[in-house]
Amino acid sequence: MSAPDLVVRRYCHEDLPKIRQTLIDVHADAYADAMDDEFNQRFPWFVENWGGNPDFDCVIAWDGDMAVAFAYGAPATPQREWWREHVTPAPEKHRTFAYSELAVRTKYRKTGTAELISRALLDARGEDLVVLLVDTEHPKVQELYESWGLRKVGERQPFADSPLYTVMLADLPLR
């Protein structure tokens, strides 16, 4: 299976009840080797938190009737974009999409699926910028995002039990 053979569907806040378990299942497969970590075990809380946003935007890639990957996020609150503390001077553009989560089942990695769903999510966005976090212990993931035009602007640990993340920023649309 390659990325072009997958079907990508878009979901919103109102769809959360029907996609919640799908997101949790894909995440559990994608992070199977790290599910003993308490931070990863809290993923259902993150789904509820992000999905509770009225502007929640999510794409899921399907191989037949099996969900194989997802990406989601929501617009950042205007004039309260936390990433600005990492950029001097901050860009004049201010409408930011916070790209919160990307998960790809292990069997579908290195097939172009991550880029397929990321672009499906971001290409439809009307914001000026996108911001995301990448675990600093995953430099290859950071390199992948850099190949799409994102750049490192700082590091952040948003929760006491979370990993240290690289803060990445790019203009939309991605190049």
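The values are calculated or read from the model by the stated rules, or taken from the named source; none is laboratory data. Keep in mind that this is a model prediction, so the values were computed, not measured. Glycine gets a Cβ as well: all are built from the backbone with ideal geometry, and neighbour counts include every protein chain shown. Keep in mind that these areas ignore ligands, DNA and RNA; they rest on the heavy atoms of the full protein, side chains included. Shrake-Rupley method; radii C 1.70, N 1.55, O 1.52, S 1.80 Å.
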Open item on the list: I'm trying to understand the selection: among the residues of the range 62-87, which are among the β-branched types (Val, Ile, Thr) and in contact (Cβ under 8 Å) with a residue 60 or more places away in the chain?
Closed with: Val68, Val87
Task: the range 44-87, residues that are aromatic (Phe, Trp, Tyr), in a helix (DSSP H, G or I) and touching a Leu at 6+ places or on another chain (Cβ under 7 Å) - done: Trp83
Open item on the list: On the basis of being at pLDDT 95 or above and farther than 24 Å from Asp63 by Cβ, does Glu137 make the cut?
Closed with: no
- [ ] From (1) of a type outside the set (D, E, K, R); (2) in contact with a strand residue (DSSP E or B) (Cβ under 7 Å, 6 or more places away or on another chain); (3) in contact (Cβ under 8 Å) with a residue 60 or more places away in the chain, pick out the condition that doesn't hold for Gly112.
- [x] (2)
TODO: Starting from the range 88-100, take each residue that is more than 26 Å from Glu48 (Cα to Cα) and list its partners that are part of a strand (DSSP E or B) and not β-branched (Val, Ile, Thr), counting only C-beta distances under 6 angstrom and pairs at least six apart or across chains.
DONE: Lys93/Leu129
Open item on the list: I'm trying to understand the selection: among the residues of the range 1-27, which are of a type in the set (Gly, Ala, Ser) and either at pLDDT 95 or above or exposed (fewer than 11 other Cβ atoms within 10 Å of the Cβ) (or both)?
Closed with: Ser2
Open item on the list: Return the pair list, or none, for Cβ contacts closer than 9 Å from residues in the range 155-175 that are closer than 13 Å to Trp82 by Cβ and touching a residue at least 40 places away in the same chain (Cβ under 8 Å) to residues that are in a strand (DSSP E or B) and open to solvent by 70 Å² or more (accessible area, probe 1.4 Å), at least 6 apart or on different chains.
Closed with: Val167/Lys152; Val167/Glu155; Leu169/Arg151; Leu169/Lys152
Open item on the list: Which of the numbered conditions does Leu132 fail, given that it passes all the others? Conditions: (1) farther than 24 Å from Leu16 by Cα; (2) surrounded by 12 or more Cβ atoms within 10 Å (Cβ to Cβ).
Closed with: (1)
